[in-house]
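The values are calculated or read from the model by the stated rules, or taken from the named source; none is laboratory data. None of the values given here were measured: they were computed from a predicted structure. Glycine also receives a Cβ, built like all others from the backbone with ideal geometry; neighbour counts cover every protein chain displayed.
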C-alpha cells in the first residue's frame, strides 16, 4: 500500500468549506444528504438515556439528529477542534441541555473510560493515517461501557476499480487522498485486535457507504 502522511489528509476542514459545510454536503449529494444522514442516525438504534460520544462532531448536525433519540435523560458529548465547526456547533445546539461540546483531538489520549454507550464517528476515520486510526479505535474502546458500540459511518470496503465511474472520480479526484487507503482495508479486521467482537452493518448509496456498528466485548 502507498505510504501516506497526515499532511495528505483533508479531514480537518477550515475556511469557507467549514463555514458552509452542511450546504456543500447537500449540494455534492444532489440533495440526498439530509435523508441519508437521518436514516443513518435512525440505524444507530439509540435508546432513551444513552450517552453518546461524537468523535469529530463538526457543525452539530448529527448531534441534533441524535438528541431526540436519547432524550432528556441521555446526553451527547461532541469532540471537535475546528474553530468554524465549533462556532456552528455551539450556535445550532444552543438551548439543548442534552448536548455539549469539548475541544479535544480524537487521535490523542482521551480521559474517558467505560462511560459511554455509543461512540459515533461520521466520515472522519478515513481521513487519518493508519497509526492514527488505530489510536482513535483505542480511544473509542476505552470510552465505551462493556457491550457498548462504536458506530463508524464512512466508506464501505469495496474494489474502487470496479465501482461506477462517478464513485471512482469522487474518491480519486475530489476526496481526501487517504480515503482509498481506508476503503482497501478490512475495517472489521482493523477493529478486532482492539476488543470489538460483534458487528452489524447498514449500507447506503449502492453499498459504497456503510454504518458499521462494532460492539465492545
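For this structure, a couple of remarks:
- Residue list for the stretch 109-140, filter: in a helix (DSSP H, G or I) and in contact with a strand residue (DSSP E or B) (Cβ under 6 Å, 6 or more places away or on another chain): 125, 126, 140
- Remark: pairs (first residue in the stretch 63-79, touching a residue at least 12 places away in the same chain (Cβ under 8 Å) and on the phi > 0 side of the Ramachandran plot; second residue surrounded by 21 or more Cβ atoms within 10 Å (Cβ to Cβ) and in a strand (DSSP E or B); Cβ separation under 7 Å; 6+ apart in sequence or on different chains) are absent.
- Taking the conditions (1) free of Cβ contacts under 8 Å to residues at least 24 places away in the same chain; (2) crowded, with 22+ Cβ neighbours inside 10 Å in turn, residue 58 satisfies each one other than (1).
- For the stretch 88-109, the condition of being closer than 24 Å to residue 186 by Cβ and touching a residue at least 60 places away in the same chain (Cβ under 8 Å) holds for none of the residues.
- Residue pairs whose Cβ atoms lie under 9 Å apart, sitting 6 or more positions apart in sequence or on different chains, and linking a residue in the stretch 37-49 that is at positive phi and modelled with pLDDT of 95 or more to a partner that is in a helix (DSSP H, G or I) and surrounded by 14 or more Cβ atoms within 10 Å (Cβ to Cβ), are 45/69; 49/70.
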